[in-house]
1. Order of A:Phe185, A:Phe34 from fewest to most other C-beta atoms within 10 Å?
2. Antiparallel DSSP bridges in chain A: what percent, to the nearest 5?
3. Between beta-carbons, use under 14 Å as the cut-off and find the net charge around A:Thr107, counting Lys and Arg +1, Asp and Glu -1.
4. Going Cα to Cα from B:Lys241, which aspartates and glutamates come in below 16 Å? Please leave out same-chain ones fewer than 8 positions away.
5. Of the listed pairs A:Lys10/A:Lys47; B:Lys42/B:Lys70; A:Lys201/A:Lys247; A:Lys47/A:Lys151; A:Lys61/B:Lys13, which have alpha-carbon separations greater than 23 Å here?
6. To the nearest 20 debye, what charge dipole does the protein assembly as shown have about its Cα centre, counting +1 at the Cβ of each Lys and Arg and -1 at the Cβ of each Asp and Glu?
7. As a check on your grasp of the helix formula, calculate [θ] at 222 nm for the protein assembly as shown: sum -39500 (n - 2.57) over DSSP H runs of n ≥ 4, divide by the residue count, round to the nearest 500.
8. Which of the three applies to the protein assembly as shown, rounded, prolate or oblate, going by the alpha-carbon gyration tensor with a ≥ b ≥ c and a/c under 1.5 meaning rounded?
Protein chains: 2
Amino acid sequence: MLYLAAMSKKDLKHFLLKGQDTFLKHLSVDCVIFGFHDDQLKVLLVKWVEGWSIPGGFVRKDESINEAAKRVLKERTGLDRIFLKQFEAFGETGREKGKKGFDIPGTWKSWYMERFVTIGYWALVEFSKVTPRRDWLSEDCRWWDINEVPKLIFDHNRIVTAALEALRHNLIDHPVGYNLLPEKFTMPELQSLYETILGIKLDRRNFQKKMLAMDVLVRTNERRMGVSHKPPYYYRFDKKKYERAMKNGLMRSF
Amino acid sequence: MLYLAAMSKKDLKHFLLKGQDTFLKHLSVDCVIFGFHDDQLKVLLVKWVEGWSIPGGFVRKDESINEAAKRVLKERTGLDRIFLKQFEAFGETGREKGKKGFDIPGTWKSWYMERFVTIGYWALVEFSKVTPRRDWLSEDCRWWDINEVPKLIFDHNRIVTAALEALRHNLIDHPVGYNLLPEKFTMPELQSLYETILGIKLDRRNFQKKMLAMDVLVRTNERRMGVSHKPPYYYRFDKKKYERAMKNGLMRSF
DNA sequence: CCAAAAGTGTTGCCTTTACACCCATGT
DNA sequence: ACATGGGTGTAAAGGCAACACTTTTGG
């Protein structure tokens, strides 16, 4: 919700009073950023004085909403070219319950204090490549296990839930993993990712068959050694085939 | 895009100059309203001086975006309680190419002339229950065959395409028809609806089995008479079961 | 040699598809 | 009677789930 990254304190007042010259009023973007680590699905959250929230920002007058979302992601994760998908706009009237202003004279009727409709995005990022970035205004920025997300400000808990829902639905007919896993990964790792997102256990052997049938994976000759059992092969995604599958989906019955 | 229904000419200037006191700036809702008639999928379009568009409107400061969309639908179709679903927000910077102001002094820098992000909805309505309503500003309002939609203003052609896509996708795991067909309908009619939306032919017998397996239909004792062949039964939706199926979806593999 | 877990294959069920046969109506 | 299109059934095919067996490592 807040576009306040990399802003100096003296700029804040200007932002509150003049922000509507730069940004579209009443409109924000919020990103539910998913990562995968230690067999756990994670979301990146930011802490403000008011509490934890999902990272978000405002839409500049000269950028599209998608560009705004990309910018927010870049600011928070340092990552470019990540997988990003719009999933829902949230526009209830009372959605920002508890919103607080800043203790700066003349700013209590700032554009920032007005009602906002936010456009929700979910993003998939490679956990290890991200260094969560707080800024001077936010107190903290870190990963949270999806099952341990705290009470968030406004309607952000609902947004996270809806994003997870959207991600799961996407998973049904689109391959997932390109953006969540390192370049090389083993089949058990990929399976763990799927199980974590879907929240169910899958059969090891059938999973492998289904994945290979999707025709988006390439098996390398390398294997993960150092484990006291038969070493698994490393796989990587075939970018071309992966993207084709992402586009077309894997349409089912009818 | 335009919330100008039922507005008198002298109100127009006030709307252009003071509309931002009532509505959220930069934000609109647009509805792709689908109907079904003569074995054809139809969309409701509105004609302005600038050309044809999908019906839309602005968001009042005291209403949610969903309420705004419902209001627009009510204004255009007279219908309440219709099936309405948000599917995508459109926020490219140049999306309103060709937007024209009104020939009223002092209104050329109206809030209305600024950039808008629009939230797209699709709706299903029962064709026969709708009386398309034009107002004094719009020149016309009528149904168009989905395959014969003319060049629309702004990016509305893209919005229609995306809406159809969303409707088709929805069709895959949700029953459709409750809002598109009259209360009683025959199986061939329902099939025709599905074929029209999906744009493919389906096997008559397998379609019937699949539909009945969904467990949302009830067969009545009545049959459509007056045709020179075996008369088909009338069916109706079981509201409770239908809504359960809509909610849960008919989740598939994994 | 054993435990652990990965790779590969097979079986059977269940869903989907393709198609045949009969039925009821208007002309 | 016949043309037309609806209602019902059934057999083949294909996809998916359940499960067995083999393989390869570290200890």
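Just so you know, all these numbers are worked out from the coordinates, no wet-lab data involved. Quantities reported herein were computed from a predicted structural model and do not represent experimental measurements. Heads up, the Cβs are rebuilt from the backbone with ideal geometry, glycines too, and the neighbour counts pull from every protein chain shown.
1. Lowest to highest Cβ neighbour count: A:Phe185, A:Phe34.
2. 75
3. Net charge in that neighbourhood comes out at +4.
4. Cross-link targets: B:Asp173, B:Glu183, B:Asp215.
5. Pairs exceeding 23 Å: A:Lys201/A:Lys247; A:Lys61/B:Lys13.
6. 620
7. -9500 deg cm²/dmol
8. Since a/c reaches 1.5 but b/c is at least a/b, the shape of the protein assembly as shown is classed as oblate.
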